[in-house]
1. Could we say that Ile50 is in a strand (DSSP E or B), among the hydrophobic types (A, V, I, L, M, F, W, C) and in contact with a Lys or Arg (Cβ under 6 Å, 6 or more places away or on another chain) here?
2. Report, ordered by the first and then the second residue, all pairs with beta carbons closer than 9 Å, sequence separation of six or more or different chains, a first member in the stretch 89-104 that is in contact (Cβ under 8 Å) with a residue 12 or more places away in the chain and open to solvent by less than 10 Å² (accessible area, probe 1.4 Å), and a second member that is in a strand (DSSP E or B) and basic (Lys, Arg).
3. Scanning the stretch 14-59 for residues that are of a type in the set (A, V, I, L, M, F, W, C) and under 15 Å from Glu87 (Cβ atoms), which turns out least open to solvent (accessible area, probe 1.4 Å)?
4. Within the stretch 25-79, track down each residue that is of a type in the set (A, V, I, L, M, F, W, C), out of contact with any Ser or Thr (no Cβ under 9 Å at 6 or more places or on another chain) and farther than 28 Å from Val112 by Cα.
Amino acid sequence: VQLQASGGGLVQSGGSLRPSCVASGSIFSVIAMGWYRRAPGKQGELVASITSGGSTNYGASVVGRFTISRDNAKNTVYLQMNNLKPEDTAVYYCNIVTSTLNYWGQGTQVTVSS
């Protein structure tokens with residue numbers, strides 16, 4: 001199983017990005033898909049997650065600005081990021097949790113300039 005994240009980039013404060021993460025290979029018993037981020041010098045944190053049933057959970061700092069969604073047929077999870085702020089600058093990692101394993105993508109850089 002491989003997770004390929006893309007869609008990061010450089011954007012000005014207030015702008016938007018929509019990274020996506022495609023999972024390839026055989027994945028069974030998916031419990032949730034999500035995005036985490038890690039900024040330089042800081043601990044990693046949950047950005048957003050979505051369960052197989054569609055329930056979502058967001059980190060406090062992104063509520064109202066970010067929206068997570070998934071396309072089960074394409075094994076893809078998206079993160080719509082609006083009103084981006086410089087403090088959103090980080091490497092964003094996608095994650096899939098199954099009943100047996102936890103998969104991680106390689107990360108995509110998001111940089112927000114002020």
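1. Values: in a strand (DSSP E or B): yes; among the hydrophobic types (A, V, I, L, M, F, W, C): yes; in contact with a Lys or Arg (Cβ under 6 Å, 6 or more places away or on another chain): yes.
Spelling it out, Ile50 is indeed in a strand (DSSP E or B), among the hydrophobic types (A, V, I, L, M, F, W, C) and in contact with a Lys or Arg (Cβ under 6 Å, 6 or more places away or on another chain).
2. Ala90/Arg37; Ala90/Arg38; Tyr92/Arg37; Tyr92/Arg38
3. Result: Val47.
4. Ala73
The values are calculated or read from the model by the stated rules, or taken from the named source; none is laboratory data. From a predicted model like this one, the values you see are computed outputs, not experimental measurements. Backbone-built Cβ (ideal geometry, glycine too); neighbour counts: all protein chains shown. Accessible surface areas use protein heavy atoms only, side chains included; no ligands, DNA or RNA. Shrake-Rupley method; radii C 1.70, N 1.55, O 1.52, S 1.80 Å.
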